[in-house]
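Q: Mind looking over this structure? Questions follow.
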Amino acid sequence: MKEFETLIRERREAELGVWLEAARASKLPELESFAVGIRRDEAAVRAAMRTEWSNGQTEGQITRLKLLKRQMYGRAKFDLLKARVLQAA
C-alpha cells in the first residue's frame, strides 16, 4: 500500500498499470479487492494523478455542515442552524 501512496503522491501515472498487476497477483484478498476497485475506476484515478487541483477543502466544509445538521436534527429550525454554521466558521 505504501507503494500505491507513493505513486499517487508523486503522480507517477505510467507505473499505475504495473502496480495494479502486482497487487492483483499478490494473493492478498484485501489488496486484490483494492486493485479491482481502482481498476474499475481507473480513468478517474489517472485523471486525479494528472490534475493539480483538489476539491478536498470543499468536501471538508460539506462534511462539517452535514455533521452540524445531524447534531441538530429535530432540535431547532434553520435560524439556529445558520447561527451555528456561522459561529463555527
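The values are calculated or read from the model by the stated rules, or taken from the named source; none is laboratory data. These figures come from a predicted structure and were not determined experimentally. Methodologically, a virtual Cβ is constructed for each residue, glycine included, from the backbone with ideal geometry; neighbour enumeration extends over all protein chains shown. These accessible areas exclude ligands, DNA and RNA; they are computed on the full protein's heavy atoms, side chains included. Shrake-Rupley method; radii C 1.70, N 1.55, O 1.52, S 1.80 Å.
Q: Would you kindly derive the ³J(HN,Hα) couplings of the stretch 39-56 from the backbone phi angles with the Karplus curve 6.51 cos²θ - 1.76 cosθ + 1.60 (θ = phi - 60°), listing them in order in whole Hz, with x for Gly and Pro?
A: My calculation for the stretch 39-56 gives 4, 4, 10, 4, 4, 5, 5, 5, 5, 5, 6, 8, 8, 8, 8, 9, 9, x Hz in order.
Q: Under 5 Å between amide H atoms, partner at least 5 residues away or on a different chain: which partners does Arg12 have, H built in plane at 1.01 Å?
A: Correct list: empty.
Q: I would also like to ask the following. For the stretch 3-12, in order, what is each residue's ³J(HN,Hα) by Karplus, 6.51 cos²θ - 1.76 cosθ + 1.60 with θ = phi - 60°, in whole Hz (x at glycine and Pro)?
A: Each residue's phi maps through the Karplus curve to give 5, 5, 4, 5, 4, 5, 4, 8, 6, 8 Hz.
Q: How would you classify the stretch 1-53 from its alpha-carbon gyration tensor, with a ≥ b ≥ c the square roots of the eigenvalues: rounded for a/c under 1.5, else prolate if a/b is greater than b/c, otherwise oblate? Display every interim value, and only then the final one.
A: On the way: a/c = 2.25, a/b = 1.70, b/c = 1.32.
Prolate.
Q: So what's the convex hull volume per residue for the Cα atoms of the chain, in Å³?
A: Values: hull volume 13.0 nm³, N = 89.
Convex hull of Cα atoms, per residue: 147 Å³.
Q: Something else about it: Report the local net charge at Ala23: Lys and Arg +1, Asp and Glu -1, summed over other residues whose C-beta lies under 11 Å from its C-beta. List each step's numbers first, then the result.
A: Working: positive: Arg24, Lys27, Arg39; negative: Glu3, Glu21, Glu30, Glu32.
Local charge sum for Ala23: -1.
Q: Here is a follow-up. Could you work out what % of the accessible surface of the chain is carbon and sulfur, using a 1.4 angstrom probe and leaving DNA, RNA and ligands out of the count?
A: Here it works out to 57 percent.
Q: Provide the per residue accessible area, probe 1.4 Å, for the chain, rounded to a whole number of square angstrom. Can you show the working numbers first?
A: Values: 7220 Å² over 89 residues.
I get 81 Å² per residue for the chain.
Q: How much net charge surrounds Arg75 when only other residues with a Cβ under 15 Å from its Cβ are counted (Lys, Arg +1; Asp, Glu -1)? Provide the component values of the computation, followed by the final result.
A: On the way: positive: Lys69, Arg70, Lys77, Lys82, Arg84; negative: Asp79.
Local charge sum for Arg75: +4.
Q: Could you state the number of Å between the C-alpha centres of the stretch 1-21 and the stretch 53-78?
A: A separation of 32 Å, based on Cα centres.
Q: Continuing with this model, one more query. Provide the FRET efficiency to the nearest 0.05 for the Gln71-Ala48 pair, computing r from the beta carbons and using R0 = 30 Å.
A: Values: r = 32 Å, r/R0 = 1.05.
Between Gln71 and Ala48 the formula returns 0.45.
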